[in-house]
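One structure is given below, encoded as structure tokens.
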């Protein structure tokens with residue numbers, strides 16, 4: 001047995017076999033190192049995004065005003081559906097990339113995601129389908145809520161992600177008047193003042209959108225490609241719990257403290 005093994009080893013062409021084995025081993029080692037480096041680099045990017053407050057999350061938040069009894073109102077906003085990532089919400093990579101690009105273009109002065117064309121219309125409708133499906137079995141009595149997709153400026157908020165807002169039409173009418181917002185709206189936490197500004201800008205956008213795109217009154221259905229311009233604030237029938245309690249004593253916003261910052265961000269405050 002030993003003699004046979006020695007004879008077989010002597011018959012091998014070591015001058016050709018050794019370089020081949022060495023080359024394959026180096027190839028495997030290099031592949032492992034490259035794979036590790038790519039994985040490590042990916043984790044570093046994810047850590048950097050987390051530190052910078054960037055997120056691929058899709059949040060669904062209802063906003064409503066509740067009177068405090070002294071002529072003022074406290075602003076509540078609560079998550080009403082499970083959060084998702086953009087990749088989970090949209091199967092099509094084109095829709096994923098389009099939403100990320102559109103979300104990156106928003107500002108505090110223009111927080112509504114500017115969906116356009118057929119792709120934008122489908123992005124908006126898919127988000128509506130998610131929140132409608134999540135609340136389909138809610139035992140709460142239904143009422144009309146307005147829906148829009150937003151992305152708040154990372155220079156202001158802790159985490160930049162796509163937020164799908166829901167609000168009552170009567171509340172949005174109040175938010176359209178900035179003077180009323182300054183004197184009547186309280187918040188649960190001091191840093192929630194940004195949300196008042198965002199809702200004011202959405203209310204002004206809604207006012208302009210209603211004038212520019214009146215609701216269709218004919219019975220003719222829209223053409224398949226007739227979504228070049230569409231409403232970005234949509235009415236939905238949903239059952240959402242509204243009898244919330246504040247998580248702390250309502251806080252008055254010191255708007256004088258934020259005037260300079262709002263001017264630097266070129267935010268238009270109307271009414």
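Some points to look at:
- Filter pass, residue 134 being over 24 Å from residue 200 (Cα atoms), assigned by TED's automatic domain parsing to the domain that holds residue 206 and modelled with pLDDT under 95: yes
- Selection within the stretch 101-132 - over 12 Å from the mean Cα position of the chain (by Cα), part of a loop (DSSP other than H, G, I, E, B) and farther than 22 Å from residue 88 by Cβ: 105, 107, 108, 109, 110, 114, 116
- Test result for residue 243, within 21 Å of residue 76 (Cβ to Cβ), at pLDDT 85 or above and part of a loop (DSSP other than H, G, I, E, B): yes
- Applying a threshold of 6 Å to beta carbon distances and a minimum spacing of six or more residues, or different chains, the list of pairs starting in the stretch 238-258 at a residue that is within 20 Å of residue 69 (Cα to Cα) and ending at one that is part of a helix (DSSP H, G or I) reads 251/190; 253/193.
- Residue 199 vs. criteria closer than 17 Å to residue 63 by Cβ, part of a helix (DSSP H, G or I) and at pLDDT 95 or above: yes
- Some residue of the stretch 133-140 being free of Cβ contacts under 8 Å to residues at least 60 places away in the same chain and either assigned to a helix (DSSP H, G or I) or under 20 Å from residue 270 (Cβ atoms) (or both): yes
- Entry remark, the stretch 89-100: residues being out of contact with any strand residue (DSSP E or B) (no Cβ under 8 Å at 6 or more places or on another chain) and either surrounded by 14 or more Cβ atoms within 10 Å (Cβ to Cβ) or assigned to a helix (DSSP H, G or I) (or both) number 7 in total.
The rows are residues; the columns are (1) over 21 Å from residue 151 (Cα atoms); (2) in the same structural domain as residue 129 (by TED's automatic domain parsing); (3) modelled with pLDDT of 75 or more.
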position	(1), (2), (3)
39	yes, no, no
61	no, yes, yes
64	no, yes, yes
73	yes, yes, yes
77	no, yes, yes
83	no, yes, yes
86	no, yes, yes
92	no, yes, yes
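The values are calculated or read from the model by the stated rules, or taken from the named source; none is laboratory data. Model, not experiment: these values are computed from the prediction. Reconstructed Cβ throughout: ideal geometry from the backbone, glycine too, with neighbour counts over all protein chains shown.
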